[in-house]
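Reading through the structure tokens given below for one structure.
The values are calculated or read from the model by the stated rules, or taken from the named source; none is laboratory data. Keep in mind that what you see is a predicted model, and the values were worked out from it rather than measured. Quick reminder, even Gly has a Cβ in these numbers, built from the backbone with ideal geometry, and neighbours come from all protein chains shown.
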Amino acid sequence: MPLSRAKIAAAAIQLADVHGLDGLSVRKLAKELGVGPMRLYDYVVNRSELLDLMVDAIYAQIAEADQHSQWRATVLAIYHRTRDATLDHEWFSDLLGGRPHLGPHALAVGESTAAALSQAPAVRDIDDLQRIVGALNAFVIGALRREVTERRTARTTGTDVTTWQKTLGPYLTRMLKTGRYPTVARLVIDGAHLNPEETFHHNLITILDGITS
């Protein structure tokens, strides 16, 4: 059976989507591809290189984000595309923020993002650009990791919002009635259950406005 690095990456992504990174092994991947495990080492040296291939395949999806004439719209499109890709492949969040992603598609996404942000009025020099890119990446990575963690927790424990409220509601009610946490009480009682996508967009815009104005 003919193999290629792209085919191996695609099969590995399918396995990770179902079983997570912990359920991904060379043996399982070889079985999925119908070859012996040693055959894969003709294409990838080790697990780290396999993960690099998988990550760059996801960046290829992110790189498909629409490019706009206005820098701001381009930045928003890239980060929303990043969120979509991460929620489609939750394991991707586990690899965000670790070692640098330097595959060709990852570099292309980084280039598009930095080139767009370099057009922001507040960017006067390379130091400004570096700080802005770093601040946005920190927000996006943190937001996506939190959203994926919440989804995993709900899925593995069967704990949806209603169940959580029934379980912890009595305790939280007692604590809030002490009057020691008035602001937390307002958040719990008056705060709406926000839509994750809308929240991500709102917070992204808020941060983008703050660091580029």
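Of all residues in region 172-213, which are in a loop (DSSP other than H, G, I, E, B) and under 29 Å from Asp84 (Cα atoms)?
Taking region 172-213 first, the residues in a loop (DSSP other than H, G, I, E, B) are 177-181, 191-195, 213.
Passing the criteria: Gly191, Ala192, His193, Leu194, Asn195, Ser213.
Just checking, does region 18-32 include any residue being loosely packed, with under 13 Cβ neighbours inside 10 Å and over 24 Å from Ser93 (Cα atoms)?
no
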Six or more apart or on different chains, Cβ under 7 Å: which pairs go from a residue in region 191-213 that's under 19 Å from Ala138 (Cα atoms) to one that's assigned to a helix (DSSP H, G or I) and of a type in the set (Asp, Glu)? Could you list them?
Pro196/Glu147
Considering only region 178-193, I want to know if a residue exists there that is at pLDDT below 85, β-branched (Val, Ile, Thr) and closer than 27 Å to Tyr79 by Cα.
no
Subset tally (residues that are among the charged types (D, E, K, R) and within 13 Å of Arg47 (Cα to Cα)) for region 19-34:
3
